[in-house]
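Engineer: First the structure, then my questions, so here it is.
The values are calculated or read from the model by the stated rules, or taken from the named source; none is laboratory data. If you're wondering where the values come from, they're calculated on a predicted model, not measured in any experiment. Don't worry about glycine lacking a Cβ; one is built from the backbone with ideal geometry, like all the others, and counts go over all protein chains shown.
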Amino acid sequence: MTTELPVTAPPRITHRGRGLTLVVFAAIFFSTSGALAKPVMTAGMTPEQVTTIRIGFAAVLLLVGTAIFAPRTLRVRRGEWPMLLAYGALGVAGTQLMYFIAANRIPVGIAILLEFTSPVLIALWVRVVRRTHLPRAMWFGIALATLGLALVAQVWQGLRLDAIGLLAGLGAAVCSAGYFLIGERAVAEREPLGLVTWGMVIGGVIVCVTAPPWTLPLGMTGQTVAFGPWTPPLWLLLIGLVLLSTVIAYLAGISALRHLPASVASVVGLAEPVAAAAFAWALLGEALAWPQALGAVILLGGAYLVQRQTAAVA
């Protein structure tokens, strides 16, 4: 629907403790996506098909729920469509598709670590495009993140990671950086719930091009797979992927931004790759070699420094 009426967010009543709780829940729920999706892909579904199921069903749930309980947030001014299209293409479709391609070819923990190099890309965007001076601490953080990435990829052994998986993980980082840069501007002009709902709908349309709904192998969802100590059917993992890793995770993240600035939420959100690696180890048996574990700590430390400094210069 299109209207020229402005869409503004209601006044925000902040509760820091509630915001911190919500952003931690969001990080944990987001972190389950790799562990839930990888057995489905190992069973035979492609990353494109899993992404279509995840975003498509989440889009339907969010659109119906928002239309019933908060229809005003779906109003869109004519000039907002380019921003919404970019948000849906990069922040929703691109990030999740690239992440699933990476997680299908390399360990889940490494895939999410590659995605979390996005703060470094954001910092470089701020320096090169916005021509903002970066403090030395930020450059130190970028250097740490680069060193950590080299350890994770084990470059001294001729790049042990699958090349396509590595490129897809870095592609997820580029899309994630776009998500934050576009969202930073969009959330100041729109109600977050409407933004995410339209982003999910647009992203769902885009991924349906890569894997049309009528080509989805839904008949295979009854088969069971190993998942830690359990053998659940694929449909149960897919329900968890849609509800826990997408709908609830996004809603918790949105609600957190009512109580915390984005800079604080993004730093706390660094719990996501740690939780993702823990879930992958516990449920999929994917453990990092000690140099990769050390690289993960260094990479996250560098990303933390970059995020803190980016918030300071923004």
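Engineer: When you scan the stretch 138-148, do you find a residue that is assigned to a helix (DSSP H, G or I), of a type in the set (Ser, Thr, Tyr), in contact (Cβ under 8 Å) with a residue 60 or more places away in the chain and within 27 Å of Val76 (Cβ to Cβ), even just one?
Structural biologist: Within the stretch 138-148, the first condition is being assigned to a helix (DSSP H, G or I), and the residues that meet it are 138-148.
The next check asks that each one be of a type in the set (Ser, Thr, Tyr); those that pass are 146.
Keeping just the survivors that are in contact (Cβ under 8 Å) with a residue 60 or more places away in the chain gives 146.
Checking the rest, the ones that are also within 27 Å of Val76 (Cβ to Cβ) come to none.
No - not one qualifying residue is present in the stretch 138-148.
Engineer: So how many residues does the stretch 263-293 have that are part of a helix (DSSP H, G or I), touching a helix residue (DSSP H, G or I) at 6+ places or on another chain (Cβ under 7 Å) and at pLDDT below 85? If you could, list the steps in order and put the result at the bottom.
Structural biologist: Restricting attention to the stretch 263-293, the residues satisfying the condition of being part of a helix (DSSP H, G or I) are 263-268, 271-284, 290-293.
With touching a helix residue (DSSP H, G or I) at 6+ places or on another chain (Cβ under 7 Å) added as a condition, the list becomes 263, 265-268, 271-273, 275-277, 279-280, 283-284, 291-292.
Adding the requirement that they be at pLDDT below 85 leaves 263, 265-268.
Number of matching residues: 5.
Engineer: Scan (1) hydroxyl-bearing (Ser, Thr, Tyr); (2) more than 18 Å from Ala27 (Cα to Cα); (3) touching a helix residue (DSSP H, G or I) at 6+ places or on another chain (Cβ under 8 Å) for the single condition Thr231 breaks and write down its number.
Structural biologist: Unmet for Thr231, out of (1) hydroxyl-bearing (Ser, Thr, Tyr); (2) more than 18 Å from Ala27 (Cα to Cα); (3) touching a helix residue (DSSP H, G or I) at 6+ places or on another chain (Cβ under 8 Å): (3).
Engineer: Give Val247, Val267 a once-over and let me know the one that is of a type in the set (Val, Ile, Thr) and touching a residue at least 60 places away in the same chain (Cβ under 8 Å). Walk me through it before giving the result.
Structural biologist: Values: Val267 fails: touching a residue at least 60 places away in the same chain (Cβ under 8 Å).
Only one candidate passes the filter, namely Val247.
Engineer: Can you name every residue in the stretch 37-82 that is among the small types (Gly, Ala, Ser), closer than 28 Å to Ala102 by Cβ, out of contact with any Ser or Thr (no Cβ under 7 Å at 6 or more places or on another chain) and assigned to a helix (DSSP H, G or I)?
Structural biologist: Of all residues in the stretch 37-82, those among the small types (Gly, Ala, Ser) come to 37, 43-44, 56, 58-59, 65, 67, 70, 79.
Of the ones still in play, those that are also closer than 28 Å to Ala102 by Cβ are 37, 43-44, 56, 58-59.
Okay, now just the ones that are also out of contact with any Ser or Thr (no Cβ under 7 Å at 6 or more places or on another chain), so 37, 43-44, 56, 59.
Result: Ala37, Gly56, Ala59.
Engineer: Yes or no: Arg54 farther than 28 Å from Leu151 by Cα, in contact with a Phe, Trp or Tyr (Cβ under 9 Å, 6 or more places away or on another chain) and not β-branched (Val, Ile, Thr)?
Structural biologist: Working: farther than 28 Å from Leu151 by Cα: yes; in contact with a Phe, Trp or Tyr (Cβ under 9 Å, 6 or more places away or on another chain): yes; not β-branched (Val, Ile, Thr): yes.
Here the answer is yes, as Arg54 does meet what is asked.
Engineer: What number of residues within the stretch 279-290 are in contact (Cβ under 8 Å) with a residue 24 or more places away in the chain and surrounded by fewer than 18 Cβ atoms within 10 Å (Cβ to Cβ)?
Structural biologist: Residues meeting the conditions: 3.
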